[in-house]
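S.K.: Supplied in structure tokens, the structure appears directly below.
The values are calculated or read from the model by the stated rules, or taken from the named source; none is laboratory data. The model shown is predicted, which means the values in this text are computed figures rather than measured ones. A quick note on method: Cβ atoms are made from the backbone with ideal geometry, for glycine too, and the neighbour counts reach across all protein chains shown. Accessible surface areas use protein heavy atoms only, side chains included; no ligands, DNA or RNA. Shrake-Rupley method; radii C 1.70, N 1.55, O 1.52, S 1.80 Å.
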Amino acid sequence: MQTFNQLRTLTGRIIRQNLTNADTIITVIAMPVFMLLFFVYVMGGNIATTGAGGAQAYLLYALPGFLLLTMAMGSAYTSMRINLDRTSGFLDRLHSLPIARWVILGSHVLASVTFMLMAEALVFLVGVLIGYRADVTVSSALLFVGLSVLFGLGITLLAIPFSLKADNYASAGGFSYVLLMLLFVSSALMPTTGMAKPVHFFADHQPMTPIVNTARGLLNQAVAVSQHTEWLAAAWLVGAIVICGFLSYRVYVRMFLTR
């Protein structure tokens, strides 16, 4: 019970920091909403999707990609928060207290995934308010939430080694640009078929495309997604969690638990 209370306290502290920091709110929530509105109402009518043309057709196609993009943008602030706790000495102070060691880093992981899901839900709500309507069942909606949790967990665990190794707060979130690049050069915001051949090949064979396509199929039953794509998305997500989790644990142990 004491360990649970410690986890809840530390997790609540990080979530409150995120919710009361204007820069975090602007970047993780306001910016994805602005990008969604810009792409739908400024560019959406000029982007050919698999359905009918127009802004609403583009919204139906692109919203799942924007939801994952929102979570990816949140990963930078996860890295920055952990780095700030390290460089300010807060993590060292926590290690001097009778706190379960897994709770210290686990609170950052839990807070990160929770905040990402909150931001994703707000962007989804905006999508619904501007006309997103899809054929979704309760089971597929729950599966989409599960996919979002795995995605958030994977990119959070990816953020930890960078956050612990970075020299300062400003450079800790630099890795997130790679995530954003992978999402932009995927099927998240537009079909890959119209891309230049080398880019098309890369987009079709990098991890974000099957993940986005699976998310799109879960939020809209009218979109056909092959089992191969679903299994590929699951493999990428589970693989990222296992590999990044192992690397995060190794870095954390070397920095704090072997001194």
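S.K.: Please report, as a whole percent, how much of the solvent-accessible surface of the range 2-257 comes from carbon and sulfur atoms (probe radius 1.4 Å).
M.R.: Ligands and nucleic acids excluded, carbon and sulfur give 71 percent.
S.K.: Given R₀ = 30 Å, what would the calculated FRET efficiency be for residue 181 paired with residue 93, taking r from the Cβ atoms and rounding to 0.05? Write out the running numbers ahead of the final one.
M.R.: Values: r = 36 Å, r/R0 = 1.21.
Efficiency for this residue pair is about 0.25.
S.K.: Would you please put 24-37, 153-166, 240-253 in order of how densely packed they are, using the mean number of other Cβ atoms within 10 angstrom per residue and starting with the highest?
M.R.: Answer by packing, highest mean first, reads 153-166, 24-37, 240-253.
S.K.: Tell me, what are the semi-axes, in whole angstrom and largest first, of the equivalent ellipsoid of the range 139-194 as set by the roots of 5 times the Cα gyration tensor eigenvalues?
M.R.: 26, 18, 6
S.K.: Now, a different point. Grab the eigenvalues of the alpha-carbon gyration tensor for the range 2-257, scale each by 5, take roots, and send me the semi-axes largest first in whole angstrom.
M.R.: In descending order the semi-axes read 34, 18, 17 Å.
S.K.: Let me ask another. What is the magnitude of the charge dipole of the chain about its Cα centre, with +1 placed on the Cβ of each Lys and Arg, -1 on the Cβ of each Asp and Glu, and no other charges, expressed in debye to the nearest 20? Display every interim value, and only then the final one.
M.R.: Working: 14 positive and 8 negative charges, 145 e Å.
The calculation lands at about 700 debye.
S.K.: How would you rank 4-17, 105-118, highest first, on the average number of other Cβ atoms within 10 Å across their residues?
M.R.: On the way: 4-17: 15.6, 105-118: 21.8.
Averaged packing, sorted descending, gives the order 105-118, 4-17.
S.K.: Could you check the simple spin-label distance between residue 205 and residue 100, using points 7 Å along Cα→Cβ, in nm with one decimal?
M.R.: 4.4
S.K.: With a probe of 1.4 Å, find how much accessible area the range 187-259 has per residue, and write the answer as a whole number in Å².
M.R.: Accessible area per residue: 57 Å².
S.K.: Could you pull out every whole DSSP H run in the chain that spans at least 30 Å of Cα extent along its own axis and averages -1.0 or higher on the Kyte-Doolittle scale?
M.R.: The answer, listed by residue number, is 55-87, 101-129, 138-165, 227-252.
S.K.: For a protection proxy built on the mean count of beta-carbon atoms within 10 angstrom, sort 139-145, 119-125 highest first, please.
M.R.: So the peptides 139-145, 119-125, ranked by packing, come out 119-125, 139-145.
S.K.: What does the accessible area per residue of the range 61-145 come to in Å², with a 1.4 Å probe and no ligands, DNA or RNA counted?
M.R.: Heavy-atom accessible area per residue stands at 38 Å².
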